[in-house]
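Below is one structure, written out as structure tokens; the observations come after it.
Please treat every number below as a calculation from the coordinates, not as lab data. All figures in this text were calculated on a predicted structure; none of them were measured in a lab. Ideal geometry is used to build each Cβ from the backbone, glycine not excepted, and the neighbour counts take in all protein chains shown.
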Amino acid sequence: MRVDELKGLLDRGEAPLVLDVREAEELVSDPYPFEVLHVPMGELPRRVSELPRGVPIVCACRSGARSAQATHWLRRQGLDAVNLEGGILAWSRRFPR
């Protein structure tokens, strides 16, 4: 999913669950400007049961690489997951504060 697509969903109040898979220390410098569920990628296997079934999940990270891996893994677990292309870097370039 491109950042423009996510922004459109957020603006229309149709927000999916955004799952931020970055490490805790990364959240301080580049937070997403909207609500996310934070589960570091390394914790996904033991915390996957916390994720809702039947709800679209947008996986996000700094650049989109880790979230792409998380998306692939979540899909194998039967969840409706997509990757946020370019991550917070793409969001910040497209929608600067």
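Of note:
- Cα point-scatterer Debye curve for the stretch 12-63, base-10 log of I(q)/I(0) at q = 0.18, 0.31 Å⁻¹: -0.59, -1.35
- Each label was represented as a point 7 Å from its Cα along the Cα-to-Cβ direction; for residue 53 and residue 76 these points are 2.0 nm apart.
- For the stretch 3-94: relative contact order, % (alpha-carbon pairs under 8 angstrom, 6 or more apart): 31
- With each label modelled as a point 7 angstrom along the Cα→C-beta vector, the residue 89-residue 11 pair spans 2.5 nm.
- Amide H contacts for residue 36 (H built 1.01 Å from N in the peptide plane; partners 5 or more residues away or on another chain; cut-off under 5 Å): none found.
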